[in-house]
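Novice: Take this structure first; my questions come after.
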Amino acid sequence: MDTALLSKTAAAMVAPGKGILAADESAGTCEKRFQSVNVECTEDNRRAYRGLLFSTPGVNRHISGVILHDETLRQKDNAGVAFPAYLDNLGVIPGIKVDKGVIAIPLTVGGEAGGEKVTEGLDGLDKRLAEYFKLGARFAKWRAVITIGENMPSHTCIYANAHALARYAAACQAASIVPMIEPEVLLDGGHTIEHCEEVTEATLRATFAALAAYNVASEHTILKASMVVSGNACKRQADVAEVAERTLRVLKRTVPASLPGVVFLSGGQSDLSATTHLDAMNKMGAPWPLTFSYSRALQNSALKAWSGKAANVGAAQTAFAHRAEMNGLAAQGKWNSKLEKSAA
Ligand code: 13P
């Protein structure tokens, strides 16, 4: 385990004014996103689209790292340069998604099997991590999914996921790869923000307890958190200040001060909400750097502008650069709405 490298990687991931591009969508998720702009989801179209994002002029100004899918880690750009080497050359850290997706937990309190999920991917993980390190990956993401609903999440769901996160995080550190642990509390549903806060707190408490039980070094761990928000079908939608206050309160209660930083997922929030919430939290101040690790909230406008046409690459890169810049400012509490060109 190279602890100096782990420290260096973690600090660079959350450098001031920078955040992470999540570009690790599975082929299935990519298919849905591409369908929305009528683009066929072929391996080469995925390569072209992701290459477009990575080669955006000035990408390294606000992007510190990119989470890649296994497929992308092995692909090359149009000039024949492997994507990890291309990114590394720009000072952008290549990361890798290492979980293998979710399966239904049978017979949890949520009722029917399929009501709740646990993430797979621990078998053979140490061998995959060793290969990923050789291919250039310096951090790795694992996403756990926590659903809020009637009698959900169950204790079983929270603990099964916390345990898996801890085992994966320990394996990453042993391989000199920084774990980016992502226990995502989904925003889908009619639940209140108060309920989301309770569930997020319970999830983070269990996750950090499991990490401690596995001797995972918090100094070399990045948390990818979901914000505390109202369920998307809840009548009362909490305002920006309330989201920021509740999210910060939960993080301060549960996250060790020794963590190098917290990054957020966008989770289906609009581009503007994801930016505004991040900015509000940074304006309030936190014990750790707080930045972004968005997929949709960084890519929505770029994907739409591209729509699969080579002639639109410049417009798509401009859209992506703009969102990266807005979120880079939000990561420092320096964003304001007048800086927005247009956003969803
Ligand atoms: P979203 O920002 O679209 O939620 O994606 C982030 C991510 O990496 C989910 O695992």
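Novice: Would you kindly identify the strands (runs of 3 or more DSSP E) lying entirely within segment 88-133 that contain at least 1 residues that are modelled with pLDDT under 95?
Specialist: Numbers: elements: 93-97, 102-104, 117-119.
The qualifying strands (runs of 3 or more DSSP E) are 102-104, 117-119.
Novice: With the structure loaded, tell me whether residue 40 is open to solvent by 20 Å² or more (accessible area, probe 1.4 Å), of a type in the set (Asp, Glu) and farther than 20 Å from residue 298 by Cα or whether it fails that test. Spell out the reasoning first.
Specialist: Values: open to solvent by 20 Å² or more (accessible area, probe 1.4 Å): yes; of a type in the set (Asp, Glu): yes; farther than 20 Å from residue 298 by Cα: yes.
Against the criterion (open to solvent by 20 Å² or more (accessible area, probe 1.4 Å), of a type in the set (Asp, Glu) and farther than 20 Å from residue 298 by Cα), residue 40 qualifies.
Novice: While we're on this one: Report, by residue number, each residue of segment 320-334 that is within 16 Å of the ligand (Cβ to nearest atom) and free of Cβ contacts under 8 Å to residues at least 60 places away in the same chain. Talk me through it step by step, then tell me what you get.
Specialist: Filtering segment 320-334 for residues within 16 Å of the ligand (Cβ to nearest atom) gives 320, 323-324, 326-328, 330-331.
Result: 323, 326, 330.
Novice: Of these, 273, 295, 337, which one is more than 15 Å from the chain's Cα centre (by Cα) and either over 24 Å from residue 249 (Cα atoms) or more than 15 Å from the ligand (Cβ to nearest atom) (or both)? Quick ask: steps written out before the conclusion?
Specialist: Working: 273 fails: either over 24 Å from residue 249 (Cα atoms) or more than 15 Å from the ligand (Cβ to nearest atom) (or both); 295 fails: more than 15 Å from the chain's Cα centre (by Cα).
Only one candidate passes the filter, namely 337.
Novice: What number goes with the only condition from (1) surrounded by fewer than 22 Cβ atoms within 10 Å (Cβ to Cβ); (2) out of contact with any strand residue (DSSP E or B) (no Cβ under 7 Å at 6 or more places or on another chain); (3) part of a helix (DSSP H, G or I) that residue 166 does not pass?
Specialist: Among (1) surrounded by fewer than 22 Cβ atoms within 10 Å (Cβ to Cβ); (2) out of contact with any strand residue (DSSP E or B) (no Cβ under 7 Å at 6 or more places or on another chain); (3) part of a helix (DSSP H, G or I), the lone unmet condition for residue 166 is (1).
Novice: Identify the single condition in (1) of a type in the set (Ser, Thr, Tyr); (2) without any contact (Cβ under 8 Å) to a residue 60 or more places away in the chain; (3) buried (at least 22 other Cβ atoms within 10 Å of the Cβ) that residue 154 does not satisfy, given that it satisfies every other one.
Specialist: (3)
Novice: Filter segment 170-179 down to residues that are open to solvent by 10 Å² or more (accessible area, probe 1.4 Å) and aliphatic (A, V, I, L, M) and give me whichever is nearest to the ligand (Cβ to nearest atom).
Specialist: Out of the qualifying residues, it is 171.
Novice: Select from segment 40-70 the residues that are assigned to a loop (DSSP other than H, G, I, E, B) and either away from the ligand (no atom under 16 Å from the Cβ) or in contact with a helix residue (DSSP H, G or I) (Cβ under 7 Å, 6 or more places away or on another chain) (or both) and list them in ascending order. Write out each step before concluding.
Specialist: Applying the first criterion (assigned to a loop (DSSP other than H, G, I, E, B)) to segment 40-70 yields 40-42, 55-58, 62, 69.
Residues satisfying the conditions are 40, 41, 42, 55, 56, 57, 58, 62.
Novice: Right, another one. Would you point out which residue out of 243, 228, 250, 262 is modelled with pLDDT of 95 or more, β-branched (Val, Ile, Thr), open to solvent by less than 40 Å² (accessible area, probe 1.4 Å) and away from the ligand (no atom under 16 Å from the Cβ)? Steps first, answer last, please.
Specialist: Working: 243 fails: away from the ligand (no atom under 16 Å from the Cβ); 228 fails: away from the ligand (no atom under 16 Å from the Cβ); 262 fails: away from the ligand (no atom under 16 Å from the Cβ).
Going through 243, 228, 250, 262 in turn, the sole match is 250.
Novice: Considering (1) under 24 Å from residue 268 (Cβ atoms); (2) in contact with a strand residue (DSSP E or B) (Cβ under 8 Å, 6 or more places away or on another chain); (3) open to solvent by less than 50 Å² (accessible area, probe 1.4 Å), say which one residue 93 fails and leave the rest.
Specialist: (1)
Novice: For residue 254, only one of the following conditions fails: (1) out of contact with any helix residue (DSSP H, G or I) (no Cβ under 6 Å at 6 or more places or on another chain); (2) more than 25 Å from residue 64 (Cα to Cα). What is its number?
Specialist: Unmet condition: (1).
Novice: Hey, residue 307 hits all of (1) free of Cβ contacts under 8 Å to residues at least 60 places away in the same chain; (2) more than 16 Å from the ligand (Cβ to nearest atom) but one; which does it fall short on?
Specialist: (1)
Novice: Right, something else. Please pick out the residue among 197, 182 that is open to solvent by less than 10 Å² (accessible area, probe 1.4 Å) and in contact (Cβ under 8 Å) with a residue 12 or more places away in the chain. If you could, list the steps in order and put the result at the bottom.
Specialist: On the way: 197 fails: open to solvent by less than 10 Å² (accessible area, probe 1.4 Å).
Residue meeting the stated conditions: 182.
Novice: What number of residues in segment 134-169 are modelled with pLDDT under 95 and charged (D, E, K, R)?
Specialist: Number satisfying all stated conditions: 1.
Novice: Continuing with this model, one more query. Filter segment 309-344 down to residues that are exposed (fewer than 15 other Cβ atoms within 10 Å of the Cβ), within 24 Å of residue 39 (Cα to Cα) and among the small types (Gly, Ala, Ser), then give me how many there are. Talk me through it step by step, then tell me what you get.
Specialist: Let us first name the residues in segment 309-344 that are exposed (fewer than 15 other Cβ atoms within 10 Å of the Cβ), namely 309-311, 314, 334, 336-339, 341-342, 344.
Narrowing the set further to residues that are within 24 Å of residue 39 (Cα to Cα) leaves 309-311, 314, 342, 344.
From the residues that got through so far, the ones that are among the small types (Gly, Ala, Ser) too are 310-311, 314, 342, 344.
Residues in segment 309-344 being exposed (fewer than 15 other Cβ atoms within 10 Å of the Cβ), within 24 Å of residue 39 (Cα to Cα) and among the small types (Gly, Ala, Ser): 5 in total.
The values are calculated or read from the model by the stated rules, or taken from the named source; none is laboratory data. Owing to the predicted nature of the structure, the values given are computational and were not obtained by experimental measurement. Note that each Cβ is placed from the backbone with ideal geometry, even for glycine, and that neighbours are counted across all protein chains shown. For the accessible areas, the whole protein counts, side chains as well, though only heavy atoms, and no ligand, DNA or RNA atoms are used. Shrake-Rupley method; radii C 1.70, N 1.55, O 1.52, S 1.80 Å.
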